[in-house]
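Beneath this line is the structure, given in structure tokens, with notes to follow.
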Amino acid sequence: MKITDGYILRRVADKNIVIASGEKSCKFRGILTLNDISARIWEYLKDNKTFDELLAYILSLYDIDEKAAGSDLKKTIARMESNGVLELSKEDLRNRVWNEEESSLAAYAACKHVPYTGMFELTPRCNFKCKMCYVHMSAAEIAACNAKELTAKQWLKLAEQAAGAGTLHLTLTGGEPLIRDDFEGIYTELSMMGFRLGINTNGSLISPRYERLFLKYPPRSMLVTLYGADADTYREVCGNPKAFDNVIQGLGFAAGLPTMLNIRATFIKDNKGQLERIRDIAHRYKSELAINPFVNKPLPGISADVENRRLSVGECIGVLEEQTAYYNKLGKNNEQKKAIVNSAFDGIGLGKPQ
Ligand code: SF4
């Protein structure tokens with residue numbers, strides 16, 4: 001680590017003052033005051049040094065406890081870094097100790113190259129057959145590829161490895177993950193292993209049995225994707241005539257869980273005119289609806305009608321503009337509503353946490 005070029009330590013009266021010079025003064029217009037120890041650190045870090053070298057230097061100057069010195073040093077470094085006056089090498093970033101005040105656990109894990117979040121696609125099977133689905137396969141299609149789903153035992157083995165590597169957040173998805181006969185067993189084990197679990201689902205299979213399971217072992221979050229505002233649209237888009245009623249029932253169960261519920265809608269040509277009605281449905285359970293008008297191409301061998309059914313660029317923009325206009329109308333000062341519009345334009349499509 002070293003002091004960033006363009007910052008100067010000045011002595012003014014009996015104070016140590018850091019200011020930016022030249023081009024750097026466009027970025028940093030304030031002043032930073034340093035106590036005498038920090039000023040010594042500053043001088044020492046004009047040349048690139050490691051944390052251990054810096055600690056040894058401080059211990060050679062002052063008669064202080066090594067542990068306390070190390071802790072104070074980390075706070076000083078964090079403060080300098082947050083003000084942009086310190087350049088950290090990749091090695092410094094990797095060795096940095098997590099300080100809750102200055103960074104999230106996720107950011108710290110990223111510095112350490114730890115797979116903090118993960119996603120298990122438990123199955124490519126689904127009880128829907130959406131026209132635009134890029135992943136859905138029937139059991140027969142899986143067999144025709146000479147492929148097999150991983151067993152519960154194999155998933156749990158992978159989970160052990162993930163936990164050992166530092167994964168904390170695990171999203172279970174598919175296909176439709178709730179379609180697996182052994183979902184309850186897999187889910188229970190993962191919950192007992194200490195994962196913070198998320199579930200991505202079409203909502204139609206959230207039965208009273210799963211409601212009981214999720215009340216006992218609540219997932220941290222659940223993302224339910226909607227595909228239409230009525231039974232006819234679900235029949236058209238998802239090929240499942242009972243889907244709509246089941247989804248509405250499932251949403252009711254999901255909304256009663258002690259779980260962060262996110263609702264999203266995917267749009268294709270068949271439902272692009274239903275944004276307002278879908279939003280009304282979502283708002284019965286949640287004050288936010290995220291939208292996703294972007295549909296990927298299918299995996300090789302998947303017989304989805306993606307090219308014909310996905311929205312053109314102009315249609316995607318039309319849906320996004322309609323969503324933006326709606327939330328703009330609710331008032332510019334409503335941060336929650338603005339966040340939803342932002343999520344749509346990010347192309348992420350996920351709702352923000354409640
Ligand atoms: S509900 Fe999701 S996984 Fe199932 S067919 Fe539709 S898009 Fe694919």
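So if each residue of separation counts as 0.36 nm, and I subtract the Cα-Cα distance between Lys27 and His113, what length gain in nm does that give? Mind dumping the intermediate values first?
On the way: separation 86, 0.36 × 86 = 30.96 nm, distance 2.97 nm.
Here the segment from Lys27 to His113 would lengthen by 28.0 nm.
Residues of segment 144-176 with backbone nitrogen within less than 19 Å of a virtual label 7 Å along the Cα-to-Cβ line of Leu105, please, listed as ranges.
Taking a point 7 Å out along Cα→Cβ of Leu105, the residues of segment 144-176 whose backbone N falls under 19 Å are 159-172.
Note down the relative contact order for the chain as a percent, whole number, built from C-alpha pairs under 8 angstrom at least six residues apart.
On the way: 531 pairs, mean separation 42.4, N = 354.
Here the relative contact order equals 12 percent.
If packing is taken as the average number of other Cβ atoms within 10 Å across a peptide's residues, how do 20-28, 262-270 rank, most packed first? Don't skip to the answer; put the middle values down first.
Numbers: 20-28: 12.9, 262-270: 22.6.
Packing order, densest peptide first, comes out as 262-270, 20-28.
Hey, which aspartates and glutamates would be in cross-link range of Lys15, C-alpha to C-alpha under 18 Å, not counting anything within fewer than 8 residues on its own chain?
Output for Lys15: Asp36, Glu43.
Write out the trypsin sites (Lys or Arg not before Pro) in segment 28-83 meeting two conditions: DSSP loop, and at most 16 other Cβ atoms within 10 Å of their Cβ. Could you put the intermediate results ahead of the total?
Working: sites: Arg29, Arg40, Lys46, Lys49, Lys67, Lys74, Lys75, Arg79; in loops: Arg29, Lys46, Lys49.
Loop-located and lightly packed - Arg29, Lys46.
Between the DSSP loop rule and a limit of at most 13 other Cβ atoms within 10 Å, which chymotrypsin sites (Phe, Trp or Tyr not before Pro) in segment 159-216 are left? It would help to have the intermediate numbers written out before the result.
Numbers: sites: Phe183, Tyr187, Phe195, Tyr210, Phe214; in loops: Phe195.
Sparse-neighbourhood loop chymotrypsin sites (Phe, Trp or Tyr not before Pro): none present.
Let a ≥ b ≥ c be the square roots of the eigenvalues of the Cα gyration tensor of segment 3-95; is it rounded (a/c under 1.5), or, if not, prolate (a/b larger than b/c) or oblate? Can you show the working numbers first?
Details: a/c = 2.18, a/b = 1.37, b/c = 1.59.
Since a/c reaches 1.5 but b/c is at least a/b, the shape of segment 3-95 is classed as oblate.
On a 22 Å Cα-Cα criterion, which of the cross-link pairs Lys2/Lys90; Lys269/Lys329; Lys2/Lys112; Lys112/Lys153; Lys129/Lys153 come out too long?
Beyond 22 Å: Lys269/Lys329; Lys112/Lys153; Lys129/Lys153.
Which of Gln161, Gln323, Gln249 moves most in a GNM of the chain, Cα contacts under 10 Å?
Gln161
Kindly identify segment 115-311 as rounded, prolate or oblate by the Cα gyration tensor criterion: order the square roots of the eigenvalues as a ≥ b ≥ c, call it rounded if a/c is under 1.5, otherwise compare a/b with b/c, prolate if a/b is larger, else oblate. Numbers along the way, then the final one.
Working: a/c = 1.81, a/b = 1.24, b/c = 1.46.
Cα axes put segment 115-311 in the oblate bin.
Considering only Gly203, Gly174, Gly239, give the residue with the highest GNM mean-square fluctuation for the chain, with springs between Cα atoms whenever their separation is below 10 Å.
Answer for the Gaussian network model of the chain: Gly239.
Please work out the FRET efficiency for the pair Glu87 and Gln249, using the Cβ-Cβ distance as r and a Förster radius of 56 Å; give the result to the nearest 0.05.
Approximately 0.50, to the nearest 0.05.
State, to one decimal in nm, how far the label point of Glu189 lies from the label point of Asp63, with both points 7 Å from Cα in the Cβ direction.
Each label point lies 7 Å from its Cα, and together they span 6.0 nm.
What distance in nm lies between label points placed 7 Å from Cα along the C-beta direction at Arg196 and Ser287?
It works out to 2.2 nm between the two label points.
Using a Gaussian network model of the chain whose springs link C-alpha atoms within less than 10 Å, name the residue from Ile58, Ile291, Ile317 with the highest mean-square fluctuation.
Maximum fluctuation in the GNM of the chain, among the listed residues, is at Ile58.
I'd like the Kirkwood hydrodynamic radius of the chain, using the inverse of the mean 1/r over distinct C-alpha pairs, in Å.
On the way: mean 1/r = 0.0415 Å⁻¹.
Taking every pair of different Cα atoms in the chain, averaging 1/r and inverting gives 24.1 Å.
Values quoted throughout were computed directly from the atomic coordinates according to the rules given, and no laboratory measurement underlies them. Keep in mind the model is a prediction, meaning the values are calculated, not measured. Note that we place each Cβ from the backbone using ideal geometry, even for glycine, and neighbour counts take in every protein chain shown.
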